[in-house]
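> There's a structure below that I have some questions on.
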Amino acid sequence: MYIVHIASECAPVIKAGGLGDVVYGLSRELEIRGHCVEIILPMYDCMRYDQIWGLHEAYRDLWVPWYGSTIHCTVFCGWVHGRLCFFIQPHSGDNFFNRGHYYGALDDHMRFAFFSKAALEFLLVSNKRPDIIHCHDWQTGLVPVMLFEIYKWHGMWNQRVCYTIHNFKHQGIAGVDVLWATGLNNEPYYFSYDRLRDNFNDTAINFMKGGIVYSNFVNTVSPHHAWEARYSEVGCGLGHTLEIHHHKFGGILNGIDYNIWNPELDNYIPYHYSVDNFEEKAKNKKALRERLLLRDADKPLVCYIGRLDDQKGVHLVHHSIYYSLNRGAQFVLLGSPTESAIGSWFWHEKCHLNDNPDCHLELGFNEELAHLIYAGADIIVVPSNYEPCGLTQMIGLKYGTIPIVRGVGGLLNTVFDYDYDELHLPEERNGYVFFQPDNHALESALGRALELWYTSPKEFRQLAMQGMAYDYSWNHPGEKYLGVYEHIRHK
Ligand code: ADP
């Protein structure tokens, strides 16, 4: 099959979070299975140009219809760790992708509506006719809308769309001017509740809703989150739309790329290890302590890696720092704040804990340090308010770092409580799960893990190795996506 991903991220060249990992990892898996995969991305000024090989101009004069006129674009092409990527660079005063950041501009809806239009225009004029167009999140929700309402009539009648929702929180709520900009000119038709009109804000359109209504298949990134999105508030107002389209909606768990996240191969860690020489992990713990100037003592090391965002349960992340320190453990945090208030709060904590030899808070995004922390820590906390899939618990498992998770979304599909899980045999359990979003519940799970470290080190080590035995690679999800592609292709 010929598959084209249209996305706003692809790791490691453009990565703000898990979306980038997924676009890269899934593409790689599909190629390994013999399919032809290409990825279309915006050409941001701030992306990691050092991660692209052979960047060259692929299509010089792409004229993209916009507000009844056109915007001139150039399409560049290069390889990102073996994946063929096309980067769209518009030449207009809007400077859509020259903002020094990927997201967070006031005109984000226009930036990504334009990107979606430009990606389709590029496919059309370069005569690319993929079997499957795979879109991701709100940024590309308008792709299936424009494909089936506009581009189909220009010759793209045989393409099918798989639309993956990685996070329901951001849906692309915008004014109807986007319809005019993108050439979806029949406002009464598009601005109706069965098409793009937002279910709650009756003056706005909703990109993600458009993606759900028009795509041939829609999925979110774990089975449990698919259920939550339909039946609870985490669908963020789209539950009803999902209910209407439930026959084409499901949950497919993400994988992680074991070529990148693998303690046996990882170039960012000083000592490689596996279940066969698990004792080497302790050397990484020592290296991590040296790097972060933590004291070398006989203590468990707890970590958090991720965005510092309301979604991630920041109050519980904060509580886990002090709870761990009070229980005699060490704590390392690597977090990128998404709001200034959360950023200032953690900066304050960082200053407060600056001289503590058992704690290090690193604020910012640091891929390399993340690898060393996964390898050096004993325990990773993931106390999310909601979590569509979550990658950090799966990476933790692969590195023998026991996850403590809140039982939501994909966390519930991947972590099985050592003491209480009823569906898995004791030798299949791999972490600790708590349910209520409060300090007490977090302590009950983290406390049990620390207790096991202190009192039964052999059992603790056994539990870590049970986690390492899980296969959360792209193997199974790759197969599932191919099943979906095959299914929609013949419809
Ligand atoms: P989300 O997509 O909601 O941000 P996920 O758990 O799905 O969360 O994916 C997070 C990914 O981003 C993981 O690969 C994690 O290692 C990485 N990551 C998150 N924050 C940071 C950071 N501050 N520095 C380095 N890597 C990070």
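> Cβ under 12 Å from LEU450's Cβ, LEU450 left aside: what net charge do those residues give with Lys, Arg +1 and Asp, Glu -1?
On the way: positive: LYS299, ARG327, ARG448; negative: ASP378, GLU443, GLU451.
Net local charge, LEU450 excluded: 0.
> Using amide H atoms built 1.01 Å from N in the peptide plane, name the residues 5+ places from TRP66, or on other chains, whose amide H lies under 5 Å from its own.
Excluding prolines and chain starts, which carry no amide H, the hits are ILE71.
> Work out from phi, with θ = phi - 60° and the Karplus expression 6.51 cos²θ - 1.76 cosθ + 1.60, the ³J(HN,Hα) of each residue of the range 12-26, listed in order in whole Hz, and give x for Gly and Pro.
Result, ordered by residue: x, 6, 9, 9, 10, x, x, 3, x, 4, 5, 4, 5, x, 5 Hz.
> Turning to a different aspect of this structure: Please get the size of the charge dipole for the range 333-437, origin at its Cα centre, with Cβ charges of +1 on Lys and Arg and -1 on Asp and Glu, quoted in debye to the nearest 20.
On the way: 4 positive and 15 negative charges, 40 e Å.
It works out to roughly 200 debye.
> Looking at the chain, what % of its DSSP beta bridges pair antiparallel, to the nearest 5? Please report the intermediate quantities before stating the final value.
Working: 22 of 71 bridges.
Here the share of antiparallel DSSP bridges comes out near 30 percent.
> With the Cα gyration tensor of the range 275-468 giving a ≥ b ≥ c as the square roots of its eigenvalues, does the rule (a/c under 1.5 for rounded; else a/b larger than b/c for prolate; else oblate) give rounded, prolate or oblate?
On the way: a/c = 1.58, a/b = 1.16, b/c = 1.36.
It is oblate, given that a/c is not under 1.5 and a/b is not larger than b/c.
> Under the rule of -39500 (n - 2.57) per DSSP H run of 4 or more residues, summed and divided by the residues of the chain, what mean residue ellipticity at 222 nm is obtained, to the nearest 500 deg cm²/dmol? Before the final figure, lay out each step's value.
Details: 17 runs with 179 residues, N = 491.
Only helices count here, giving -11000 deg cm²/dmol.
> In debye, nearest 20, what is the charge dipole magnitude of the chain about its Cα centre with +1 on Lys and Arg Cβ and -1 on Asp and Glu Cβ, if you could check?
Values: 40 positive and 57 negative charges, 153 e Å.
Rounded to the nearest 20 debye, it is 740 debye.
> Okay, next question. If amide H atoms are built 1.01 Å from N in the plane of the peptide, which residues on other chains or at least 5 residues away come under 5 Å of the amide H of LEU308?
SER336, THR338
> Now a separate question. With unit charges on the beta carbon (Lys/Arg positive, Asp/Glu negative), name the residue among GLY478, GLY34, HIS318 whose Cα is farthest towards the positive pole of the charge dipole of the chain.
GLY34
> Taking the beta-carbon count within 10 Å as an exposure proxy, list ILE488, ILE165 from fewest neighbours to most. The partial results should precede the final answer.
Numbers: ILE488 17, ILE165 28.
Ascending Cβ contact count within 10 Å gives the list ILE488, ILE165.
> Then there's this: Output the relative contact order of the range 275-468, whole-number percent, from Cα pairs under 8 angstrom with separation of 6+ residues.
Working: 348 pairs, mean separation 41.0, N = 194.
Dividing the mean separation by the residue count of the range 275-468 yields 21 percent.
> Okay, moving on. Can you tell me how the chain classifies by the Cα gyration tensor, rounded, prolate or oblate, using a/c under 1.5 as the rounded cut?
prolate
> Could I ask something else about it? Any idea which of GLY335, TRP157, MET43 is furthest toward the positive side of the dipole for the chain, if Lys and Arg beta-carbons carry +1 and Asp and Glu beta-carbons -1?
Value: TRP157.
> So what is the relative contact order for the chain, in percent, with contacts set as C-alpha pairs under 8 Å and at least six apart?
Working: 989 pairs, mean separation 58.6, N = 491.
In percent, rounded to a whole number, it is 12.
> Taking the number of other C-beta atoms within 10 Å as the exposure measure, put TRP138, TRP53 in order starting with the fewest.
Details: TRP138 27, TRP53 10.
In order of increasing Cβ crowding within 10 Å: TRP53, TRP138.
> Same structure, new question: For LYS398, list the lysines whose Cα falls under 29 Å from its own Cα; do not include residues on the same chain fewer than 8 positions away.
Candidates past the 8-residue exclusion: LYS15, LYS169, LYS281, LYS283, LYS285, LYS286, LYS299, LYS312, LYS350, LYS458, LYS480.
> Given H placed on each backbone N at 1.01 Å, which residues far from ARG406 in sequence or on other chains put an amide H within less than 5 Å of it?
Under 5 Å from the amide H of ARG406 lie the amide H atoms of VAL382, SER384, PHE434, each far enough along the sequence or on another chain.
> Continuing with this model, one more query. Run down the aspartates and glutamates and flag those whose C-alpha is under 15 Å from the C-alpha of LYS248, throwing out any fewer than 8 positions away in its chain.
Cross-link targets: GLU486.
> According to the square roots a ≥ b ≥ c of the eigenvalues of the Cα gyration tensor, what is the shape class of the range 420-491, taking rounded for a/c under 1.5, prolate for a/b larger than b/c otherwise, and oblate for the remainder? Don't skip to the answer; put the middle values down first.
Numbers: a/c = 3.76, a/b = 2.07, b/c = 1.81.
In terms of gyration-tensor shape, prolate.
> Rounding to the nearest 10 and keeping the result within 0 to 90°, find how far the Cα-based axis of helix 475-489 lies from the longest principal axis of the chain.
20 degrees
> With +1 on each Lys and Arg Cβ and -1 on each Asp and Glu Cβ, and nothing else charged, work out how big the dipole of the range 275-468 is about its Cα centre, in Debye to the nearest 20. All intermediate terms of the calculation are to be shown ahead of the outcome.
Numbers: 18 positive and 27 negative charges, 79 e Å.
So the magnitude is around 380 debye.
> Among DSSP beta bridges lying fully in the range 118-260, give the percent that are antiparallel, nearest 5. Intermediate values should be presented prior to the final figure.
Values: 3 of 15 bridges.
Looking only at bridges with both residues in the range 118-260, the antiparallel portion is about 20 percent.
> Helix 340-352 against the longest principal axis of the chain: what's the angle in degrees, Cα atoms only, rounded to the nearest 10?
Helix 340-352 sits at roughly 20 degrees to that axis.
> Let me ask something else about it. Going highest first, how would you order 408-420, 436-448, 180-192, 221-233 by mean Cβ packing within 10 Å?
Numbers: 408-420: 22.3, 436-448: 17.2, 180-192: 15.0, 221-233: 20.1.
Result, highest mean first: 408-420, 221-233, 436-448, 180-192.
All of the numbers you see were taken from the coordinates with simple rules; none came from a lab. Since the model is a prediction, treat every value here as computed from it, not as a measurement. Note that we place each Cβ from the backbone using ideal geometry, even for glycine, and neighbour counts take in every protein chain shown.
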